[in-house]
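Novice: I have a structure here, written as structure tokens, and I will follow up with some questions on it.
Please treat every number below as a calculation from the coordinates, not as lab data. Predicted model, so just to flag it, every value in this text is computed and none were measured. Cβ: placed from backbone, ideal geometry, glycine included. Neighbour counts: every protein chain shown.
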Amino acid sequence: MKKLLIVLAMLLSMPAFADDLEEYVKLLKTDLKAQARDIISKGMMTFTDEEAKRFWPIYESYMTDREKFLEARVAVIKAYVDDYNTMTDEKAQGLLDRRFEQLKLRNKLDEKYRPQFATALSPRRLVRFYQIQHELEVLMELRAISQIPKMKWWQGE
């Protein structure tokens, strides 16, 4: 938990999102990703050698697939930023549709990997892993949404 608070502080101290989208993407893909494995290891506390042997290859595959989801998420955010001042109802609807489609795909990713993780971990340890993973994902999402200006809903501004 202490490590997660440190990561949160790091995320909240980064430069404004709209100012540097590429830096944000780099941080998501490298810094937090590099720390995620360490955070999960410490959060799981007592991985046995057998659990680690089964778990980490699945996790690496999961993270590779998850990166595709992250790239799609960043593409929607970038489209929003690019069209922010020229947003139309049609563009807004398209962005919303893309976001909800991504959420469906994200759920499918977990449906794909949950049985695989279940071969490596007991049900209670699997829940613990998903709790830790969810905390990391919430931190990343918080960073994104806290820096994105809200949609203009009125005409002329």
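Novice: If you take the charge dipole of segment 37-96 about its Cα centre, with +1 on Lys and Arg Cβ and -1 on Asp and Glu Cβ, which of S61, M87, M45 is farthest toward its positive end?
Specialist: So the residue furthest toward the plus end is M45.
Novice: Among the listed pairs K68/K91; K53/K108; K68/K108; K42/K68, which are separated by more than 19 Å between their Cα atoms? Don't skip to the end; give the middle numbers.
Specialist: Details: K68/K91 23 Å; K53/K108 25 Å; K68/K108 13 Å; K42/K68 26 Å.
The pairs that break the limit, which is 19 Å between Cα atoms, are K68/K91; K53/K108; K42/K68.
Novice: At 7 Å along Cα-to-Cβ for each site, give me the label-to-label distance between L96 and I148 in nm.
Specialist: The two pseudo-label positions are separated by 1.4 nm.
Novice: In addition: Which ordering of R125, R106 is given by a fewest-first count of other beta-carbon atoms within 10 Å? All intermediate terms of the calculation are to be shown ahead of the outcome.
Specialist: Details: R125 19, R106 16.
So the residues, fewest neighbours to most, are R106, R125.
Novice: Can you find, among I77, L109, I148, the residue farthest towards the positive end of the dipole of segment 34-148? Put +1 on the C-beta of Lys and Arg, -1 on that of Asp and Glu.
Specialist: L109
Novice: Whole-Hz ³J(HN,Hα) for each residue in segment 63-74, computed from phi via Karplus 6.51 cos²θ - 1.76 cosθ + 1.60 with θ = phi - 60°, x for glycine and proline: what do you get?
Specialist: Each residue's phi maps through the Karplus curve to give 5, 5, 5, 5, 5, 4, 4, 4, 4, 5, 5, 5 Hz.
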